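Undergrad: Pasting a structure here, questions to come.
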Amino acid sequence: MKVLVIGGGGREHALAWKLAASPKVQVVYVAPGNGGTARDKRLVNVPISDVKALREWAQQEKIGLTVVGPEAPLAAGVVDEFRAHGLRIFGPTRAAAQLESSKAFSKAFMQRHGIPTAEYDTFSDPVAAHAYIDKMGAPIVVKADGLAAGKGVVVAMTLAEAHEAVDFMLLDNKLGVTHNEGGARVVIEQFLQGEEASFIVLCDGKNVLALATSQDHKRLLDGDQGPNTGGMGAYSPAPVVTPAVHARAMREIILPTIKGMEKDGIPYTGFLYAGLMIDAEGHPKTLEFNCRMGDPETQPIMMRLKSDLLDVLLAATEGKLDQVELEWDRRIALGVVLAAHGYPLNPRKGDLITGLPADTEEGVVFHAGTMQQGEGKDAQVLVSGGRVLCATALGGTTRQAQMRAYELLESIRFDGMQYRKDIGHHAIRKG
């Protein structure tokens, strides 16, 4: 079967890498792909990003399954377009993807269906937003209502930071947020204490299949300091998601969400990512929904998945997820993100990357913001985005997986390279 993965980041490289391992897959196309997918002989990059043009190409090539990686094509209606022309595609429709593309839609949905989340209000008027912040006090969370590539959230520890975030999002829009209809809006919500975890499931409209748990590190610097990013590293499984927390998240958050979407006439198919905040008593609340796999969580999760991903996704597109069981490697997988100079606000592009190690059974460097220049032996890999690579390794313990991931990146060099030295510290502290 010919398979298409839409996207060009680390998540898409990991999905394509895993799909290419299936004996039933003839070729995996990645649109547009990156420098890593260009280097893999089993993968073929397709330089098309327009939804209609991609659908026409998929029809022409007789693509048997399409998997959507990032949020932007989902919000642009790629699933609706492919399905309207009889193509098999895994992902939510444009209407269902509002769970991510509109924070205001998502919060109102959770309130309506009794799904635990932080108290909040929504504003398009800066004056009203500033008044609400003064009333509520700090710490407080300010979120841009729109797609901001994982960077549209400010956890303000002081009133000054919160006021600055409102101006930044409503007046300046320096984050490059793709606003929803009606222009710039922010969601301001209460600050929740606890530990975060990524809870990702597959949905076929009715049935839900949970993937391995994982934990992301959002802050740029060691010790969870510095600005929020799209994610500086992740590991799987996440010890904070105990069996009791897992059962609770499924019962109180995931299943009511799938039932609620169906009840609202917007059945949900695709990956669903619930960002959870788990308090000291083990009660999870929903920080946000994403309508896709997480990045960098996908990289460690795919390293641990032993089942054939093609079989799983075909079952999901046929409404048969209740007939699937997933098999996991018992080891820990841990990924460390290498980011560009100036990331997250002004990442520099064009720096040459050297020293990329060969993939092994226990370690893979997945590419995100990279591009290949030239062909064959003369080919060079250059930085083309903020998060550049994710060095991902398996180990019997979190510490061993951590050690191997850091060994994997030792030889890699590019100017201005930045990465955290403490990915996995939460799990190691618990162990």
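Undergrad: Take the alpha carbon gyration tensor of the chain, find the square roots of its eigenvalues, order them as a ≥ b ≥ c, and report rounded if a/c is under 1.5; if not, report prolate when a/b exceeds b/c, else oblate.
TA: rounded
Undergrad: Can you say what percent of the DSSP beta bridges in the chain, counting only those with both residues inside, are antiparallel? Round to 5.
TA: 80
Undergrad: Follow-up. For ASP359, ASP308, ASP145, give the ranking by accessible area with the largest first, probe 1.4 Å.
TA: Putting ASP359, ASP308, ASP145 in descending order of accessible area: ASP359, ASP308, ASP145.
Undergrad: Which whole-number percent is the relative contact order of the stretch 59-141 (Cα, under 8 Å, 6+ apart)?
TA: 20
Undergrad: Counting GluC sites (Glu not before Pro) as exposed when in a DSSP loop with at most 14 other beta carbons within 10 Å, what is the longest stretch of the chain free of them?
TA: After excluding every exposed loop site, the longest remaining stretch is 1-118.
Undergrad: Based on alpha-carbon centroids, what's the gap between the stretch 378-401 and the stretch 224-255 in Å, whole number please?
TA: Rounded to whole Å, the Cα centres lie 21 Å apart.
Undergrad: Remind me, relative contact order of the chain in percent, using alpha carbon pairs under 8 angstrom and six or more residues apart?
TA: Reported as a whole number, the value is 16 percent.
Undergrad: Counting heavy atoms of the protein chains only and a 1.4 Å probe, report the per residue accessible area for the chain as a whole number of Å².
TA: 41
Undergrad: Could you tell me whether the stretch 338-431 comes out rounded, prolate or oblate from its Cα gyration tensor? Rule is a ≥ b ≥ c as square roots of the eigenvalues, rounded for a/c under 1.5, then prolate if a/b exceeds b/c, otherwise oblate.
TA: Oblate.
Undergrad: Please state the charge dipole magnitude for the chain, taken about the Cα centre, from unit charges on C-beta atoms (+1 on K and R, -1 on D and E), reported in debye and rounded to the nearest 20.
TA: 720
Undergrad: Percent of accessible area on the chain owned by carbon and sulfur, 1.4 Å probe?
TA: 50
Undergrad: Need one word for the stretch 3-69: rounded, prolate or oblate. Basis is the Cα gyration tensor (sqrt eigenvalues a ≥ b ≥ c); a/c below 1.5 gives rounded, then a/b vs b/c decides.
TA: oblate
Undergrad: Let me have the relative contact order for the stretch 281-414, percent, based on Cα pairs under 8 Å that are six or more residues apart.
TA: 27
Undergrad: Follow-up question, since we're still on this one. Could you please report the charge total around VAL324, scoring K, R as +1 and D, E as -1 over all other residues with beta-carbon less than 10 angstrom from its beta-carbon?
TA: Details: positive: LYS320; negative: ASP204, ASP311, ASP322, GLU325.
Taking every Cβ under 10 Å from that of VAL324, the sum is -3.
Undergrad: Of LYS24/LYS421; LYS107/LYS421; LYS18/LYS285; LYS62/LYS259; LYS103/LYS263, which ones are farther than 28 Å apart at the Cα?
TA: LYS24/LYS421; LYS107/LYS421; LYS18/LYS285; LYS62/LYS259
Undergrad: As an exercise, find the ratio Rg/Rh for the stretch 171-295 from alpha-carbon atoms, using the Kirkwood inverse-distance average for Rh.
TA: Details: Rg = 15.8 Å, Rh = 16.0 Å.
Rg/Rh: 0.98.
Undergrad: Using a Gaussian network model on the chain with a 10 Å cutoff between Cα atoms, which of HIS217, HIS246, HIS13 fluctuates the most?
TA: Per the Cα network of the chain with a 10 Å cutoff, HIS246 tops the list.
Undergrad: While we're on this one: Would you work out which of ASN346, GLY294, VAL324 lies farthest towards the positive end of the dipole of the stretch 282-354? Charges go on Cβ: Lys and Arg +1, Asp and Glu -1.
TA: ASN346
The values are calculated or read from the model by the stated rules, or taken from the named source; none is laboratory data. Predicted model only: the values in this text are computed from it and were never measured. With ideal geometry, Cβ positions are generated from the backbone for all residues, glycine too; neighbour counts draw on all protein chains shown. Ligands, DNA and RNA are excluded from the accessible area calculation, which covers all protein heavy atoms including side chains. Shrake-Rupley method; radii C 1.70, N 1.55, O 1.52, S 1.80 Å.
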